[in-house]
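What follows is a set of notes on a single structure, which appears directly below.
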Amino acid sequence: MNKLILIFLFALSGIGIYNLFLHYQGKGAAQAPLDQQMVSFLQDYIRINTSQPNPAYDAAISFLKKHAQKDGFECQEVLLPSGKKVLVISFKGKDSSLPTIALNHHMDVVPANNDGWIKPPFAGEIHDGTIIGRGTQDMKGIGATHYFALKQLKQEGFVPQRTIHIFAVPDEEIGGFTGTKQFVETNFFKQLHIGYIVDEGHASGNEKILDIKVSERKPIQVQITSHGPMAHGSHLECENAIHELVQFLNQIVIIHKEQQKQISIIKKPGQLLSCNITSLSAGVKKENGHIALNIVPDSANATIDIRVPPTMKKRETLQLLENAMGKFPQLSYKILAQADEEPDLGDHRTILYKALSDAIAQYNLEAQPHYFEASSDLRFYQARGIDGVGFTPFT
């Protein structure tokens, strides 16, 4: 049997389902057909073009629902205020009073064209033993692993102690604001009594190590605007809006570089603050569209992508920004986008983390906590106090 599926099964046993490790030892020889089914499943899933901005969600839900109903799972489509849907596939447990487990994956993928691909990105073709396609890792491959872990349990006639759900959610690649953020607010979700959730994680890049994502950083994307009088480029004493903006941005660079210096074996990038300047714009355009080289403009703009670590609150970060701006009264800022969720994170060694790390150890692999530099749907669940981790079962 695929050891990645076994890791999931054994992890589920660690939170009170069943001791699956011993139950499944020695069954590898009979597992080939199921492995082949999983490969075909993933190929077909990749072939459904769910790339933003026009993902074929209806086709993806129809595909997943067809498989789930055929395999005897319960299914429910949940309509969100955005008009998008979440598909919930449920494997009913014996004790409905126990908190349930959810395995979350998003259906959408980022855009792709054929440039640079050795195989078409939505063909799901196999090349040198590897499935090539958009979403193979992020995150249809994880969704396939979730599904076939439960499929194997069911085929063996096993009934879990607690109910296990698979969530197929929309719009993670565009922030999750019209997907999981709305889903967790529905009455349907609240009635599921979710106690534990596994979302996407991070491939370790090491054959002996599997990362378990324990936290994420919170994005704040801001626009900085500098104001000043328009002037001729020959004036020595003019108040130059660009000069003021550049001096401020130098302060941002210093903050960013000081954080870079703290990266170590103990402290990872996902535990630190980053402030990346992502755009600069200024200049007075002439009628032909060219910049007037001899005119000082009355405004200049920059954007900064700030990522707030779990050890900081967004308000603290904005205060840091405002303090840096205090020397430059001509400057103002506007928040263009941000994540509202700020989960309270304690010790990462939760019940779920321990169960998953114990399962990984059974296969002579090492689990290590990963502090994610970006953000995903996990934050919406953690903000509700749910014990959640991110786990990509690929090295």
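The values are calculated or read from the model by the stated rules, or taken from the named source; none is laboratory data. Just so we're clear, the structure is a prediction, and the values are computed from it rather than from any experiment. So basically every Cβ, Gly included, is an ideal-geometry build from the backbone, and we count neighbours across all protein chains shown. When the accessible area is computed, the model is the full protein with side chains, heavy atoms only, and any ligands, DNA or RNA have been set aside. Shrake-Rupley method; radii C 1.70, N 1.55, O 1.52, S 1.80 Å.
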### Message
Restricting to DSSP H runs of at least four residues, report the calculated mean residue ellipticity at 222 nm for the chain, -39500 (n - 2.57) per run over all residues, nearest 500 deg cm²/dmol.
### Response
-9000 deg cm²/dmol
#### Entry: Residue-normalised accessible area of the range 213-349, expressed per residue, 1.4 Å probe, Å²
58
### Summary
Once Ile254 and Tyr363 are pulled to full extension, the length gained, defined as 0.36 nm per residue separation minus their Cα-Cα distance, is 34.8 nm
### Query
Which Cα, out of Gly124, Leu103, Val159, lies furthest along the positive dipole direction of the range 69-177 (beta carbon charges, K/R +1, D/E -1)?
Val159
### Cβ charges +1 (Lys, Arg) and -1 (Asp, Glu), total dipole of the chain, debye
680
### Message
Taking 20 Å as the cut-off for C-alpha to C-alpha distance, list the pairs among Lys85/Lys140; Lys94/Lys354; Lys92/Lys151; Lys213/Lys334; Lys94/Lys213 that go past it.
### Response
Lys94/Lys354; Lys213/Lys334; Lys94/Lys213
### Message
From the phi angles alone, apply the Karplus equation (6.51, -1.76, 1.60; θ = phi - 60°) to the range 307-313 and give each ³J(HN,Hα) in whole Hz, x where the residue is Gly or Pro.
### Response
10, 8, x, x, 7, 10, 9
### Query
Share of antiparallel DSSP beta bridges in the chain, in percent to the nearest 5?
65
### Task
Search the structure for amide H atoms under 5 Å from the amide H of Val169, placed 1.01 Å from N in the peptide plane, and list their residues when 5 or more places away or on another chain.
His105, His106, Met107
### Query
Residues with amide H under 5 Å of Ile295's amide H, sequence separation 5 or more or different chain, H placed in the peptide plane at 1.01 Å from N; which?
Gly233
### Query
With charges set only on the Cβ (+1 for Lys and Arg, -1 for Asp and Glu), what does the dipole of the range 125-271 come to about its Cα centre, in debye to the nearest 20?
640
### Query
With each pseudo-label sitting 7 Å past Cα toward Cβ, what's the Gln262-Ile291 distance in nm, one decimal?
3.4
### Summary
Check: C-alpha center the range 96-138 vs C-alpha center the range 177-218, spacing in Å is 17
### Query
Taking Cα centroids, how far is the range 345-395 from the range 259-299 in Å?
34
### Query
Got the relative contact order for the chain handy, in percent, Cα pairs under 8 Å and 6 or more residues apart?
22
#### Entry: Which label in (i) -0.40, -0.52, -0.75, -0.84; (ii) -0.30, -0.40, -0.62, -0.74; (iii) -0.22, -0.30, -0.50, -0.62 gives the computed log10 I(q)/I(0) by the Debye sum over Cα atoms at q = 0.06, 0.07, 0.09, 0.10 Å⁻¹
(ii)
### Summary
Candidates Asp108, Asp347, Asp58; GNM for the chain (alpha-carbon contacts under 10 Å) flags as most fluctuating Asp347
### Query
Taking the Cα atoms only, what angle lies between the long axis of helix 351-361 and the longest principal axis of the chain, rounded to 10 degrees?
70
### Task
Calculate one ³J(HN,Hα) per residue across the range 121-133 by plugging θ = phi - 60° into the Karplus curve 6.51 cos²θ - 1.76 cosθ + 1.60, and present them in order as whole Hz with x for glycine and proline.
x, 10, 9, x, 7, 9, 10, 6, x, 10, 6, 9, x
### Task
For Ile212, list long-range residues whose amide hydrogen, built 1.01 Å from N in the peptide plane, is under 5 Å from its own amide hydrogen.
Gln368, His370
## Note on the structure
With a 1.4 angstrom probe the carbon and sulfur portion of accessible area for the range 33-118, in percent, totals 49
### Query
If one takes the longest principal axis of the Cα atoms in the chain, at what angle in degrees, from 0 to 90 and to the nearest 10, does the Cα axis of helix 241-260 lie?
40
### Task
State in Å² the accessible area per residue of the range 141-203; use a 1.4 Å probe, count heavy atoms of protein chains only, and round to the nearest integer.
30
### Angle between the chain longest axis and helix 140-155 axis [Cα atoms, degrees, rounded to 10]
20
### Task
Enter the Cα centre distance for the pair the range 76-90 and the range 302-324, rounded to the nearest angstrom.
34
### Query
Residue by residue, what Karplus-based ³J(HN,Hα) values in Hz, rounded to whole numbers, does the range 176-181 have, using 6.51, -1.76 and 1.60 with θ = phi - 60° and x for Gly and Pro?
x, 5, 9, x, 4, 4
